[in-house]
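See below for the structure under consideration.
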Amino acid sequence: MELMRVENLSKVYGKGDTAVKALDNVSFSVEQGEFVAIIGPSGSGKSTLLHLLGGVDRPTDGKVFIENTDIYELNETQLAVFRRRQIGLIYQFYNLLPILTVEENITLPMLLDSHQVEKKHFKELIEILGLKDRLDYLPNQLSGGQQQRVSIGRALISNPSIILADEPTGNLDSKNSKEIIDLLKLFNKSYHQTLVVITHDERIALQADRIISIEDGVIAKDEVIRQ
Ligand SMILES: Nc1ncnc2c1ncn2[C@@H]1O[C@H](COP(=O)(O)OP(=O)(O)OP(=O)(O)O)[C@@H](O)[C@H]1O
Ligand SMILES: [Mg+2]
């Protein structure tokens, strides 16, 4: 079953002489439960693409459908709600709120949505992420790997259908990188959450079901490596 469909997506930053075409007429779809790695040189448009898939930025042209919702047809408020409920975003530098505790950072998306945090889901999540003993800590009292696990918790608290990660291990050593990728794969395989990960690390890309290579804002290659 198709979870996401991208149609003729383009993004131009700036205007006139200084305009940069970061993404040029990109189309593809992603199946429910698929693990897709996105690779490509620096500046090729990977983060731009991920931001557009996640509804963080609007395209210059083209459409993104997630579970048949044309996300850029939504107004800002509707899109913010859709994003919080359906999309789990994970960044290289965690983007945690420094004055909130681990528990508050994880549950923030639910509170913003005036949704009750489902206690059972929260407990299960912090158990899997190994954060049970750190709930009252502030982000700056945690290691990099722990901070990334908090950001995974925040991304997954609302049970999104798709997880989008932009170099989630880019700031971590190899042991922590492996732990983070293993966690993302666990959510992908056991909870059937679709997973799209940008990475510069070939070892990570080779664990995906499919590798999409972006070059100069276009898809240079799209290979299924595992069925
Ligand atoms: N906000 C912005 N304003 C202007 N240009 C931008 C903006 N964001 C990105 N770009 C440009 O768009 C192009 C693609 O950038 P993008 O961040 O998507 O690359 P990337 O593939 O993620 O690179 P990296 O691997 O270094 O993270 C680059 O040429 C970049 O300079
Ligand atoms: Mg990038």
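The values are calculated or read from the model by the stated rules, or taken from the named source; none is laboratory data. This structure is a prediction, so every number in the text was calculated from the model and none was measured. Here Cβ is always computed from backbone atoms with ideal geometry, including for glycine, and neighbour counts include all displayed protein chains. Surface accessibility is based on the protein's heavy atoms, side chains included, excluding ligands, DNA and RNA. Shrake-Rupley method; radii C 1.70, N 1.55, O 1.52, S 1.80 Å.
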Any chance Val56 is under 30 Å from Asp136 (Cα atoms) and within 16 Å of ligand 1 (Cβ to nearest atom): yes
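Table: residues versus (1) open to solvent by less than 50 Å² (accessible area, probe 1.4 Å); (2) under 30 Å from Tyr191 (Cα atoms).
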position	(1), (2)
Arg5	no, yes
Gly16	no, no
Asp24	no, no
Phe28	yes, yes
Glu31	no, yes
Leu50	yes, yes
Residue within region 101-115 that is among the aliphatic types (A, V, I, L, M) and open to solvent by 50 Å² or more (accessible area, probe 1.4 Å) present: yes
All positions within region 149-197 that are closer than 22 Å to Leu97 by Cβ and among the hydroxyl-bearing types (Ser, Thr, Tyr): Ser151, Ser158, Thr169
Any hit, region 45-55, residues being of a type in the set (Gly, Ala, Ser), without any contact (Cβ under 8 Å) to a residue 12 or more places away in the chain and within 16 Å of ligand 2 (Cβ to nearest atom): no
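Residues checked against (1) without any contact (Cβ under 8 Å) to a residue 60 or more places away in the chain; (2) within 16 Å of ligand 1 (Cβ to nearest atom):
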{"site": "Leu129", "(1), (2)": "yes, no"}
{"site": "Glu179", "(1), (2)": "yes, no"}
{"site": "Asp182", "(1), (2)": "yes, no"}
{"site": "Gln207", "(1), (2)": "no, no"}
{"site": "Ser213", "(1), (2)": "no, yes"}
{"site": "Gly217", "(1), (2)": "no, yes"}
{"site": "Lys221", "(1), (2)": "yes, yes"}
Which numbered condition Gln148 misses (of (1) under 18 Å from Gln193 (Cβ atoms); (2) within 16 Å of ligand 1 (Cβ to nearest atom)): (2)
Residues of region 151-177 that turn out to be within 16 Å of ligand 1 (Cβ to nearest atom) and touching an Asp or Glu at 6+ places or on another chain (Cβ under 8 Å), as a count: 1
